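Notes follow once the structure below has been shown.
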Amino acid sequence: MKKNRNVGIIGIGQTRHSSHREDVNQPEMIHEAITLALEDAKMTMDNVDCIVHGNMELFEMIHQPDMWHVISDGAYGKPGLRLTTGGTTGATLVCGADTLVASGLHDVVLAVGFEKLQEGHTTGGITNMADPLWGRELQTGALTGMTADAVIEEFGEKRAKHAAMKMRVIMDKHAMLNPLAHRRFGFTDDMIPTMIDNVPPLVGELRIVHMCSQSDGACAMIFASEEVAKKRCPNPAWVMDHITIHREETFNLFGNVEEMTTMRYAAKKLFERNGITNPRKQIDVFEMYDPSSWWGLDWIREFLLLEGDEHLKMVEDEEIAINGSFPINPSGGVVATNPIGATAMIRVAEAALQIRGMAGEHQVKKDVNLALASGFGGTLWTVLVLLSKNPPKLTEK
Amino acid sequence: MTRRVAICAVAQTTYERSKWYQRMQGMALEVVEQLIQATGLDFEEDTGINQVVTVSDDVFDARTISDGAMTDVVGAHYRTEEKVSQDGAQAVYYALSVILSGHHDVVMIVGHCKESQPTSRNLVTHMAFDPFFTRPVGLDYLAAAGLQAQAYMAKSKVSDKQLADVVVRARKNAAKNPKIADLKQITAQEVLASPIWADPIRELMAYPISDGSVGLILASEERAKKLTDKPVWITGVGNCYDGFFLGDRDLAGNFALKRAAQKAYRMAGINDVKTQVDLFEISDQYAYQLPMWAEGLGLCADNAGGAWLSNGGPDKARVNLSGGVLAGNPMILGGLVRVAEAALQLRGEAGARQVDGAKRAVAQGLTGPAGQLQTVVVLER
Amino acid sequence: MTMTEETNVKQNLIVLRQILEIPQHFSTGPIMGRFLKELRDNKRIMANRCPKCGRFHLPPREVCAICRARSGEFIEVGPEGVIQSYDLVYYASPDPLTGQARQAPYTTVNVLLDGVQGKDTLWHLLNETDPAKIRRGLRVRAVFNEERTGSIFDIKYFDIIDNK
């Protein structure tokens, strides 16, 4: 990737994510994450040059919340920026912070993403993304059974339903190893047949257990120039590349894609320009934004550029499990934890923790040199971030 | 800075009290088409526009992910688009960093807003206050501005009459700006007779409700020279946040603007803004903000705003020949329109407003209550 | 206080409950405006066509996102078509336009209307919530309201019609 200078992630902080963080208000909540990130980076706010802030404001209905949050995010007297791109916001904040440091305008940038979903109505807030003239009275948030129908049609009801539930159980097993995760149920494989039959449906074959959490939480990350990162941090995670791909809104928001999915398109471009010809072998861990187990399952094929039923096999054979050949979401993923404005950033944060060997109980055992993280939102938009253990070689500017 | 970045094209719709006949998409499309027309750019991968920075606000648009409606009209289908949800001058700062980072060589900025859509602009800005202390008190950006105006006018000895003259001047200048539609010329007496909205701010001292869209094409030096024969270089940028609770702030102190300006001037190598800058585009949402931000930008000494106005300061320094935000721009686009107008001046395309031989300009934008976040951009030919 | 004493002290947390409302005037603009007018005045469903690739846009849109060209002529489509996909919604979520919870279950459907070139479907309600009676490929027909106001719901819903 053409880049002026390298950028390293040297500090990561997350709140414990929960359905109701009623013990803190918004500024207090983000302050928790920021404090942890600064501690991790062994820095104080004095070392931070710029604060990049984001969330999906129509959930909490605070207009321009970065104004209020100055009381706790250290932006007083400093430069800052607010980027908001729906569900992809957290990953866009990563791209923004990386861009600002790479540009040379700032040496140390703090990015913070958050959401307090209990302060609003999640599905109502998402439904509000629809055009008021045609979609708003039809959309049901991010809930759709159409992907489940498509997977069932392609692979048969029995196999498809089993694979989606298996995906869910694997994600929960990972979440059980992550003390910060919001929902940790303790699912086991023998529960799968009962869950398939008995969990209440939300929309079509999308059942409550398949669908992501609605969480309160915040994530903060500190990005530094190569010089600062190397001086201050023994093990930065380096931002190798990132790509954002959007798609027009149509009546059929969640499917019926004219060209290839933005997931596959983004992955193709990102891999091509980074010499990744075999993502399953070359990428060591993938924190994928899985808003539902059906989408998570379907998108394994899209992101890894697979065909046929390879992705189902990866789930059925537990290759995506934490000690499998291609671990996906060792953190538990979005189905376990979803404070929307932070969620996509948490994917990058968790990928960075894996690279730095700091993921504790949910650290994958194998060597992690290359990690991938995805963000999702809007009308099937994708953000992909590629992180490496070693500073990337910069190509000609 | 390692690379140089230039504005290669500027486009604006007209700004009206209500563009009832268009949706957001229609307004933005006008701007995109003008930018494409001016530069001949397409959206081809690697050679065309692959990155768009949009400016819009979810609460004003009453739409979660307000850029979701815009993907197709800004050409971002299977391309990159990111939304800055602050004053559009912040988008110039971000787009500049995208090109300086090396990630893209060309970036298009497109901002839109229809303040006529919500039935109350004040209700929207009321939402920017916290639910526990400041909302129950009834604050919105207008009330906050009223408090700031009181503090400032006392400190810098600015009178209501002087502010009325600021408004009259803004409208006279706007008459030469083809983008400002339906704005009547008025007298100072009419301004002073208009109803009080938030003491001391009267209706005619506030910027009118406005709808419109504005955009820019930014490019690296190499690309810029091929896209236009009049590149406008962005030589300095600075931004800074003040505190949130009005009681925590020195409301008349220009804390944030001074820091933002100093940063931008240092980057651009300006040490005497009064002699080294040919014109200024200042975001005056309310009349008192013209002298106040002038102080913050260093156009006159602290506390000397009143004297500056009396001595014809705005005309001498070529401030807001476009009419400024007072002539009617949506609040969230104010700073971006200032950058656009400054760029037009430096390109010699400012028509009846033109400052001959203008070489260097300063544009300023603000976000939040009483200008809590300030952004300053320096442009040069 | 010792640690144990501290943790035993209950806190009364303050929680504020509010309903926030900002009334809006949504413009239709010329493109959606034409679509809605045709529904109201003529009971016609109109798509518009890309002059470059020829695909139809439904809802009609200002540009073709793929060709990046201004959309062209309006063409009537439907009122019948084929179900491409559907969602049986069991979850009664709130409607942000009214603040009221919706009546569930309801079925939303994506219909490829007769005459459409391309894949753009019309998204609307299906007058059926029994999953046994719904499947992809069924033919459906738009049912219009007697009184129409220039809204997407001038079409009341789609009815399943007999298969051929």
Would you mind checking A:LYS313/A:LYS366; B:LYS226/C:LYS119; A:LYS230/B:LYS225 for any pair whose Cα atoms are more than 31 angstrom apart? B:LYS226/C:LYS119; A:LYS230/B:LYS225
Compute the Kirkwood hydrodynamic radius of the stretch C:65-143, taking the inverse of the mean of 1/r over all pairs of distinct Cα atoms, and give it in Å to one decimal. 14.4 Å
Candidates C:ALA142, C:ALA69, C:ALA47; GNM for chain C (alpha-carbon contacts under 10 Å) flags as most fluctuating C:ALA69
In nm, give the distance between the simple-model label positions of C:ASN145 and B:THR119, each being 7 Å from the Cα along the Cα-to-Cβ direction. 2.0 nm
Collect residues whose amide H, placed 1.01 Å from N in the peptide plane, falls under 5 Å from the amide H of A:VAL7; neighbours closer than 5 in sequence don't count. A:VAL239
Rounded to the nearest 10, the angle in degrees between the Cα long axis of helix B:255-268 and the longest principal axis of the Cα atoms of chain B comes to 40 degrees
Restricting to Cα atoms and excluding each atom paired with itself, what does the Kirkwood estimate give for the stretch B:77-218 in Å? 18.2 Å
Against the empirical 2.2 N^0.38 Å scaling, what ratio does the C-alpha Rg of the stretch A:36-106 come to? 1.14
Calculate how many DSSP beta bridges within the protein assembly as shown are antiparallel, expressed in % of all such bridges and rounded to the nearest 5. 80 percent
Which ³J(HN,Hα) values in Hz, rounded to whole numbers, follow from the phi angles of the stretch A:164-180 under the Karplus curve 6.51 cos²θ - 1.76 cosθ + 1.60, where θ = phi - 60° and Gly and Pro get x? 5, 6, 4, 4, 4, 5, 4, 4, 5, 4, 5, 4, 4, 8, 10, x, 8
Restricting to DSSP H runs of at least four residues, report the calculated mean residue ellipticity at 222 nm for chain C, -39500 (n - 2.57) per run over all residues, nearest 500 deg cm²/dmol. -3500 deg cm²/dmol
Along the charge dipole of chain B, pointing to its positive end and built from +1/-1 on Cβ of Lys, Arg, Asp and Glu, which listed residue (B:LEU290, B:CYS8, B:ILE209) has its Cα farthest out? B:LEU290
What 222 nm value per residue comes from the helices of chain B, counting each DSSP H run with n ≥ 4 as -39,500 (n - 2.57) and dividing by all residues, nearest 500 deg cm²/dmol? -10000 deg cm²/dmol
Under-5 Å amide H pairs with A:ASN252, H placed in peptide plane, nonlocal only: C:THR121
Could you derive backbone 3J(HN,Hα) for the stretch C:69-75 from the dihedral phi with the Karplus parameters 6.51, -1.76 and 1.60 (θ = phi - 60°), listing whole Hz in sequence and x where the residue is Gly or Pro? 10, 4, 5, x, 5, 8, 9
Candidates A:LYS158, A:LYS116, A:LYS366; GNM for chain A (alpha-carbon contacts under 10 Å) flags as most fluctuating A:LYS158
Taking GluC sites (Glu not before Pro) as exposed when in a DSSP loop with at most 16 other Cβ atoms inside 10 Å, chain B has its longest clean stretch at B:46-348
What ³J(HN,Hα) values, in whole Hz, does the Karplus curve 6.51 cos²θ - 1.76 cosθ + 1.60 give for the stretch A:108-116 when θ = phi - 60°, with x put for Gly and Pro? 9, 10, 9, 10, 9, x, 7, 7, 10
For A:LEU202, other-chain or 5+-apart residues with amide H closer than 5 Å (H placed, Pro excluded) are A:ARG207, A:ILE208
Magnitude of the Cβ-charge dipole (Lys and Arg +1, Asp and Glu -1) of the stretch B:92-176 about the Cα centre, nearest 20 debye, reported as 480 debye
Exposure proxy check: B:SER120, A:SER18 ranked by fewest other beta carbons within 10 Å? B:SER120, A:SER18
Given 10 Å bins starting at zero, what is the percent of C-alpha pairs of chain C in each, up to the one with the largest pair distance? 9, 28, 29, 15, 6, 5, 5, 2, 0
Only helical DSSP H runs with n ≥ 4 go in: add -39500 (n - 2.57) per run for chain A, normalise by residue count and round the 222 nm mean residue ellipticity to 500 deg cm²/dmol. -10500 deg cm²/dmol
Chain B: proportion of alpha-carbon pairs further apart than 31 angstrom, %: 29 percent
Using a basic spin-label model with each label point 7 Å from the Cα along Cα→Cβ, how many nm lie between A:LYS365 and B:ILE196? 7.6 nm
Relative contact order of the stretch C:26-160: what whole-number percent is it, with Cα pairs under 8 angstrom and at least 6 residues apart? 23 percent
Using Cβ contacts closer than 10 Å as the measure, can you line up B:TYR94, C:TYR90, B:TYR241 from fewest to most? C:TYR90, B:TYR94, B:TYR241
Towards the positive end of the charge dipole of the stretch C:26-160, with charges on Cβ (+1 Lys, Arg; -1 Asp, Glu), say which of C:CYS50, C:ASN145, C:HIS124 has the farthest Cα. C:CYS50
Rounded to the nearest 20 debye, dipole of the protein assembly as shown from Cβ charges on Lys, Arg, Asp, Glu: 2100 debye
Enter the per residue convex hull volume of chain A, computed from alpha-carbon coordinates, in Å³ rounded to the nearest integer. 130 Å³
About the Cα centre, charge dipole magnitude for the stretch A:244-397 (Lys/Arg +1, Asp/Glu -1 at Cβ), debye: 720 debye
Among A:LEU202, C:ALA65, B:ASN303, whose Cα sits farthest toward the positive end of the charge dipole of the protein assembly as shown (+1 at Cβ of Lys/Arg, -1 at Cβ of Asp/Glu, about the Cα centre)? B:ASN303
For the stretch A:73-132, compute the orientation-averaged projected area of the C-alpha convex hull (one quarter of its surface), in nm². 5.5 nm²
When averaged across all projection directions, what area in nm² does the alpha-carbon convex hull of the protein assembly as shown cover? 37.8 nm²
Under a Gaussian network model of chain B whose springs join Cα atoms within less than 10 Å, the largest fluctuation of B:ILE196, B:ILE49, B:ILE332 belongs to B:ILE196
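No value in this document is a laboratory result; all are computed from the given coordinates. Please read these numbers as outputs of a predicted model, since none were measured by experiment. Quick reminder, even Gly has a Cβ in these numbers, built from the backbone with ideal geometry, and neighbours come from all protein chains shown.
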